[in-house]
Amino acid sequence: MTSEELDLNRLISIFGGNANPALTTEICKYVGVNVGNSKVSRFSDGEIFVEIGENVRGVNCFIVQSTCSPPNDNLMEMLIMIDALKRASAGAIVAIVPYFGYARQDRKVKPRTPITAKLVADLLSAAGATRVLSVDLHAGQIQGFFDIPFDHLYATPILRDAFEREGLGGDNTVVVSPDAGGTERARAYSKYLNCSLAIIDKRRDSPNESKVHHLIGDVEGKRAILIDDMIDTAGTLCNAAKAVMDHGAAEVFAGATHGVLSGPAIERLNASVLSKVWVTNTIPQEEKMAACPKLEVLSIANLVGEAIKRIHHGDSISSLFD
């Protein structure tokens, strides 16, 4: 064992909640430490109880927990684990939230509605987190909701590598944003892949329901990649894929960081014109992979593990994406 590994085992503990056990194990393997000893249980009435099973006094502690379905249970579990570490005199407490739930509630869309993303930020700070790390926020401005340091990771290199392995890129490929809000993200991918860009004009009449009105750009005869930060019910994605094919595309793929895949998403993907859909394991996908042969899951473990090492040693996070 190297001196660095001895140092990490002594000064880093990585704990995982019930939301991402497999991802936590992968991250620990990359970092070179064991999964932190903790026990999460429930009282008969459903209350969550957390017990930390090792000495964390002065130790940099990292909690890996996506606030995916069931979001309220996973969020509360993480808050209680943060509180337990704070009361055990942990050195730093870093909340690693690969998928930041409630991120779509980042502003008031109607009178008398909440900004729940800000509430979640306040809860994490109040519980005792000293730093938060997340991957591909739905809106980058959410970083400003935090009064503690926030590190924002991007799954772009992971998805880009998957696209290149599929032979995508160059003049015969076009990156398509499924709505105007995702144009900046799609433009970044088109630059990386050295290909053209198209944008879909989408109108949303109610939550989880959207309609395609126009397609801006040339997709005829090209292999199209639909890029988004998340796939929830897959209505937007499947409608966009059909519109792209109707405009003469040769083949349509899709890539997204977060595969929420709720409600009818799997059925829609299976019935869609999409050839393949890539998501990452910010949200566990084992059951959904078995139900959807088009789905391919990419791991963010090495990316998050490298970020943990850099946070611990005080190195730059942004240089990961230079």
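In table form, for the structure just shown:
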item	result
Which listed residue, of 314, 255, is without any contact (Cβ under 8 Å) to a residue 24 or more places away in the chain and either surrounded by 20 or more Cβ atoms within 10 Å (Cβ to Cβ) or assigned by TED's automatic domain parsing to the domain that holds residue 65 (or both)	314
Pairs where the first residue, in region 52-64, is β-branched (Val, Ile, Thr) and the second is surrounded by fewer than 20 Cβ atoms within 10 Å (Cβ to Cβ) and assigned to a loop (DSSP other than H, G, I, E, B), C-beta under 7 Å, 6+ apart	52/88; 56/88; 59/91
Any chance residue 210 is within 25 Å of residue 268 (Cβ to Cβ), in contact with a Gly (Cβ under 7 Å, 6 or more places away or on another chain), at pLDDT below 85 and in the same structural domain as residue 253 (by TED's automatic domain parsing)	yes
Among the residues listed as 121, 126, 139, the single one being at pLDDT below 95 and under 21 Å from residue 105 (Cα atoms)	139
Number of positions in region 141-182 that are polar (S, T, N, Q) and either surrounded by fewer than 17 Cβ atoms within 10 Å (Cβ to Cβ) or within 19 Å of residue 319 (Cβ to Cβ) (or both)	4
Neighbours by Cβ (under 8 Å, 6+ apart or cross-chain): first from region 268-291, assigned by TED's automatic domain parsing to the domain that holds residue 230 and farther than 23 Å from residue 153 by Cβ; second among the β-branched types (Val, Ile, Thr) and not in a strand (DSSP E or B)	268/233; 291/266
Enumerated strands (runs of 3 or more DSSP E) restricted to region 1-99, each holding at least 3 residues that are modelled with pLDDT of 95 or more and crowded, with 20+ Cβ neighbours inside 10 Å	12-16, 60-64, 93-97
Verdict on residue 94 being touching a residue at least 40 places away in the same chain (Cβ under 8 Å) and either under 22 Å from residue 183 (Cβ atoms) or in contact with a Cys (Cβ under 9 Å, 6 or more places away or on another chain) (or both)	yes
Criterion: at pLDDT 95 or above and under 19 Å from residue 136 (Cα atoms) - qualifying residue of 219, 260	260
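The values are calculated or read from the model by the stated rules, or taken from the named source; none is laboratory data. Please read these numbers as outputs of a predicted model, since none were measured by experiment. For neighbour counting, all protein chains shown are included, and Cβ atoms are generated from backbone atoms with ideal geometry for every residue, glycine included.
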